[in-house]
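Trainee: The structure under discussion is supplied below as structure tokens; questions concerning it will follow.
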Amino acid sequence: MKPGNPIILALDVPGYDEAVEIVKKFSGHIEVFKVGSGLFTSSGPKIIKQIHLMGRKVFLDLKFHDIPNTVAASAAAAARLGVFMFNVHALGGSGMMRQAAEAIRKTSLDENIDRPKLIGVTILTSIDQNALRDELGIGLRMGAEVRHLAGLAYNAGLDGVVASPEDAENIRSHFGKDFLIVTPGIRPSWAAADDQKRMLAPREALRRGADYIVLGRAVLSQPDPLKALERIKEEISGLQR
Ligand code: C5P
């Protein structure tokens, strides 16, 4: 099912105080805030608890990638934090993803907490076709590699994937309507690309099948971030269910 508000705002700020300010400012407009590795490393679980106290949900974007046993422990810890969604790198392999999925299922049941959604990162949106081949040494074309990794995630029992909006149609057509697609790499025509390589405008990403679009600098680096968000909401209106 499509979310009511498909926008996830990335709290890509250095510390706790700045993050809380943003959540305060945007909480009337945003339901899910993304806590990434920078903010989590500086602030720890405290920021997650605070966002929950403010009545909002957390997408914990730590992209776990390690041996299955270690990732399973991280996954159980994420479930105990009560996050709405978190992720692992699909490149960690099927065994790692399966054990992470099993860890959250078991932890949620045993401790009577809501099971978070677990999604797999396919190929980062900052990696393009050349880097995939020349740096990572992966011979498949980008679309085929992303579909392959999405298939691993699907078969391991994950709820969905993080992928470039350029790959959303491809993933949707293979894995059906219930497989979540979360797309960073979102840039309205009026925002800078920064380090993103495979990106699309918000409306186009949703049109191609994304359930959630992650917005970071396209909102927070604008002179008036609230106005930028309003502008994006207008651009996607009619596509929201
Ligand atoms: O500022 P921008 O909109 O580019 O931010 C995108 C956010 O999404 C960043 O927090 C980044 O870490 C995250 N992300 C990404 N690509 C992925 C997964 C997450 O850009 N594959």
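Each value in this text was obtained by applying a stated rule to the coordinates, not by laboratory testing. As the structure is a computational prediction, the values presented were derived from the model and not from experiment. Using ideal geometry, Cβ is built from the backbone for each residue, glycine included, and neighbour counts are taken over all protein chains shown.
Trainee: Does residue 157 satisfy the condition of being assigned to a loop (DSSP other than H, G, I, E, B) and either more than 11 Å from the ligand (Cβ to nearest atom) or in contact with a strand residue (DSSP E or B) (Cβ under 7 Å, 6 or more places away or on another chain) (or both)?
Mentor: Yes, satisfied.
Trainee: Let me ask another. Filter segment 181-201 down to the residues that are within 7 Å of the ligand (Cβ to nearest atom) and touching a Pro at 6+ places or on another chain (Cβ under 7 Å) and list them by number.
Mentor: 185, 186
Trainee: Assuming residue 56 fulfils every condition listed in (1) without any contact (Cβ under 8 Å) to a residue 40 or more places away in the chain; (2) surrounded by 17 or more Cβ atoms within 10 Å (Cβ to Cβ); (3) within 21 Å of residue 228 (Cα to Cα); (4) within 15 Å of the ligand (Cβ to nearest atom) apart from one, which condition is it?
Mentor: Residue 56 satisfies every listed condition except (4).
Trainee: Any residue in segment 146-161 that's without any contact (Cβ under 8 Å) to a residue 40 or more places away in the chain: show its pairings with residues that are of a type in the set (Gly, Ala, Ser) at Cβ separation under 6 Å, as long as the two are six or more apart or on different chains.
Mentor: Short answer, once both residue conditions are applied: 146/163.
Trainee: Only strands (runs of 3 or more DSSP E) wholly contained in segment 1-99 count here; list those with 3 or more residues that are under 20 Å from residue 179 (Cβ atoms) and in contact with a strand residue (DSSP E or B) (Cβ under 7 Å, 6 or more places away or on another chain).
Mentor: Numbers: elements: 7-10, 32-36, 57-64, 85-89.
It comes to 57-64, 85-89.
Trainee: Something else now. Taking the residues in segment 160-196 that are assigned to a helix (DSSP H, G or I) and among the hydrophobic types (A, V, I, L, M, F, W, C) as candidates, determine which candidate is surrounded by the fewest Cβ atoms within 10 Å (Cβ to Cβ).
Mentor: Keep residues of segment 160-196 that are assigned to a helix (DSSP H, G or I), which gives 165-175.
Retained after the next criterion (residues that are among the hydrophobic types (A, V, I, L, M, F, W, C)): 168, 171, 175.
Working: 168: 25, 171: 29, 175: 19.
Once the filter is applied, the top-ranked residue is 175.
Trainee: Please work out if residue 108 is under 13 Å from the mean Cα position of the chain (by Cα) and surrounded by 16 or more Cβ atoms within 10 Å (Cβ to Cβ). It would help to see each step written out before you state the result.
Mentor: Working: under 13 Å from the mean Cα position of the chain (by Cα): no; surrounded by 16 or more Cβ atoms within 10 Å (Cβ to Cβ): yes.
So residue 108 does not fit the description; no.
Trainee: When you look at residue 24, is it farther than 18 Å from residue 85 by Cα and out of contact with any helix residue (DSSP H, G or I) (no Cβ under 9 Å at 6 or more places or on another chain), yes or no? First the steps, then the outcome.
Mentor: Values: farther than 18 Å from residue 85 by Cα: yes; out of contact with any helix residue (DSSP H, G or I) (no Cβ under 9 Å at 6 or more places or on another chain): yes.
Yes; evaluated as a whole, the condition is true for this residue.
Trainee: Answer yes or no as to whether residue 225 is more than 23 Å from residue 63 (Cβ to Cβ), in contact with a helix residue (DSSP H, G or I) (Cβ under 6 Å, 6 or more places away or on another chain) and crowded, with 17+ Cβ neighbours inside 10 Å. So that I can check it myself, show each step before the final result.
Mentor: Values: more than 23 Å from residue 63 (Cβ to Cβ): yes; in contact with a helix residue (DSSP H, G or I) (Cβ under 6 Å, 6 or more places away or on another chain): yes; crowded, with 17+ Cβ neighbours inside 10 Å: yes.
Here the answer is yes, as residue 225 does meet what is asked.
Trainee: Right, another one. Consider segment 125-154. How many of its residues are within 15 Å of the ligand (Cβ to nearest atom), of a type in the set (A, V, I, L, M) and either part of a helix (DSSP H, G or I) or closer than 19 Å to residue 59 by Cα (or both)? Write out each step before concluding.
Mentor: So in segment 125-154, the residues within 15 Å of the ligand (Cβ to nearest atom) come out as 125-128, 131-132, 136, 142, 145-146, 149-150, 153.
If we keep only those that are of a type in the set (A, V, I, L, M) as well, we get 127, 131-132, 136, 142, 146, 149-150, 153.
Right, trim to either part of a helix (DSSP H, G or I) or closer than 19 Å to residue 59 by Cα (or both) and you get 131-132, 142, 146, 149-150, 153.
Adding up the residues that qualify gives 7.
Trainee: Based on what the data block shows, is residue 214 part of a strand (DSSP E or B) and over 15 Å from residue 7 (Cβ atoms)? First the steps, then the outcome.
Mentor: Details: part of a strand (DSSP E or B): yes; over 15 Å from residue 7 (Cβ atoms): no.
Considered against the rule, which asks whether it is part of a strand (DSSP E or B) and over 15 Å from residue 7 (Cβ atoms), residue 214 comes out as no.
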